[in-house]
Amino acid sequence: MRTKIINKYFFFFIIFLLVSLPLKSEETKKILDKQHEISIFTGMFDFSDDGKSSQIIGFQHQNENLLRDSFLGTLSPVTGALITQDNASYFYTGVQAMYKVGNINITPSFTPGVYNQGDGKDLGHLVEFKSEVQISLELPRESQFGISYNHISNASLGDKNPGANSYMFNFLKKF
């Protein structure tokens, strides 16, 4: 039963991604060159729980065409996924803010998503929320290297809410 629910949410997530990706003409693609940022990250999932900590790998996409300046800073939608060494996975989409201090970028984000326990830690619910802060250094050729910390929690939607704290090393590249 749980697998059917997870497959249903995964199906809707994929449909959401396909619908949210705009189609562009060749002329528009040339104008909007290097407007997508891809982040690849690796680190330790739930490092504060000795019993269920595991290695993590993932990716995240940000479309800079959708940047918006607001009283909270420069906001942008992000979408990504991660998987742990124990086959736990998390698919998410949300918003991030960006703040520049010289060559340093500070990027807090909030991303609700769908969590699949796999053989990893039981976080208590299918729906989880990830709060993250990333600090990165700008490098040549439209790239960055950074470190991030996040907390994933179900905000007490489930009967239990153990949460997971993770840290990652990030490589970001604009295309």
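Restricting attention to region 99-116, the residues that are in a loop (DSSP other than H, G, I, E, B) and free of Cβ contacts under 8 Å to residues at least 24 places away in the same chain total 1. Answer yes or no: is there a residue in region 79-98 that is aliphatic (A, V, I, L, M), surrounded by fewer than 14 Cβ atoms within 10 Å (Cβ to Cβ), within 17 Å of L172 (Cα to Cα) and in contact (Cβ under 8 Å) with a residue 12 or more places away in the chain. No.
Take the residues of region 54-81 that are among the charged types (D, E, K, R) and either assigned to a strand (DSSP E or B) or within 28 Å of G120 (Cα to Cα) (or both): which is farthest from the chain's Cα centre (by Cα)?
Within region 54-81, the subset among the charged types (D, E, K, R) is 64, 68-69.
Of the ones still in play, those that are also either assigned to a strand (DSSP E or B) or within 28 Å of G120 (Cα to Cα) (or both) are 68-69.
Numbers: R68: 19, D69: 21 Å.
Checking each candidate, the answer is D69.
Taken over region 56-78, residues that are of a type in the set (A, V, I, L, M), surrounded by fewer than 17 Cβ atoms within 10 Å (Cβ to Cβ) and either under 19 Å from Y167 (Cα atoms) or at pLDDT 95 or above (or both) amount to 1. Is there a residue being among the hydroxyl-bearing types (S, T, Y), modelled with pLDDT of 95 or more and either crowded, with 20+ Cβ neighbours inside 10 Å or not in a strand (DSSP E or B) (or both) anywhere in region 123-131? No, every residue in region 123-131 fails to be among the hydroxyl-bearing types (S, T, Y), modelled with pLDDT of 95 or more and either crowded, with 20+ Cβ neighbours inside 10 Å or not in a strand (DSSP E or B) (or both).
Selection over region 49-90 of residues that are among the aromatic types (F, W, Y) and closer than 23 Å to Q144 by Cα gives a count of 1.
The values are calculated or read from the model by the stated rules, or taken from the named source; none is laboratory data. What you are looking at is a predicted structure, and each value in this text was computed from that prediction instead of being measured. When we count neighbours, we look across all protein chains shown, and the Cβ atoms used for this are built from the backbone with ideal geometry, even at glycine.
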